[in-house]
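Following: one structure in structure tokens, then a few remarks.
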Amino acid sequence: MSSVAARLNMAAYVRQRLIEARDFAAEALLPDQRRFDELHERRHWDFDDPVERERYVHVLDAVKAHREKPILRALEVGCAAGVFTSMLALCAASVVATDVSPVACNQTRQRIATLPHVTVQALDVLRDKPPGQFDAVFAMDTLELLKGPWNVAKAARKLCEALQPGGLLALTCCDLQPANYLSRILAAPMLNTGRSAVAYLDGRWGMRLVHRELHTGPEWYPDHIIAIYHKRA
């Protein structure tokens, strides 16, 4: 490829990333419920992708490795289309799946319609109190979508408070650590990186990090941090 063609390809790539950044910034100004309703209505994320399902298996395996007893009551914050919910339901006696988006809640209800031990309800983790105490809490790619570090801290505290002593919190975050200056500019709309969220929780509210791994996939798929915390009994 000639140097001119390479520059044209790079210019096209940068233009597309800037358009995506503009659209992301515009969506970020919407109220959370409306913003996520629109994302779920147009199926912005493909949670049924085999790569995503493989990551979900890694999360559940990590939780099982650090928990001797079966999960009696699990809470999922940010259930989206219910793909992870349906997998979690195979490992827990009772599951409460929540999302700020009514559209996402409806998609999850359709997916788990034959699972009577799973309930779905709308919940804004920044405004609402989690519905009770649980021995396992899951937040899959949720914290980094909140607006600003103060909201991340607020949501993280609620997740910890919903966890019974001796319980486990499973957290996954997209690991945005751009390698060069241009990539850092293009990634700027994602204000909260996975590494900072994971580090923030360790040692707070009785939480101790017991498992951390970087889950990688194909070249097009972003790395994800999988973190498991134990709450002091």
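The values are calculated or read from the model by the stated rules, or taken from the named source; none is laboratory data. As the structure is a computational prediction, the values presented were derived from the model and not from experiment. Cβ sites come from the backbone with ideal geometry, for glycine too, and all protein chains shown count toward neighbours.
The table below gives the values:
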{"read-out": "The one condition in (1) within 19 Å of the chain's Cα centre (by Cα); (2) closer than 22 Å to CYS173 by Cβ; (3) at pLDDT 95 or above that ALA89 fails to fulfil", "value": "(2)"}
{"read-out": "Residue count for segment 119-138, restricted to those that are touching a residue at least 60 places away in the same chain (Cβ under 8 Å) and either under 15 Å from ALA89 (Cα atoms) or charged (D, E, K, R) (or both)", "value": "6"}
{"read-out": "Spans of strands (runs of 3 or more DSSP E) in segment 95-182 with at least 3 residues more than 15 Å from VAL198 (Cα to Cα) and within 14 Å of the chain's Cα centre (by Cα)", "value": "95-99"}
{"read-out": "Residue match in segment 57-71 (condition: surrounded by 16 or more Cβ atoms within 10 Å (Cβ to Cβ) and assigned to a loop (DSSP other than H, G, I, E, B))", "value": "yes"}
{"read-out": "Selection count, segment 90-104, where residues are touching a residue at least 12 places away in the same chain (Cβ under 8 Å) and surrounded by fewer than 22 Cβ atoms within 10 Å (Cβ to Cβ)", "value": "5"}
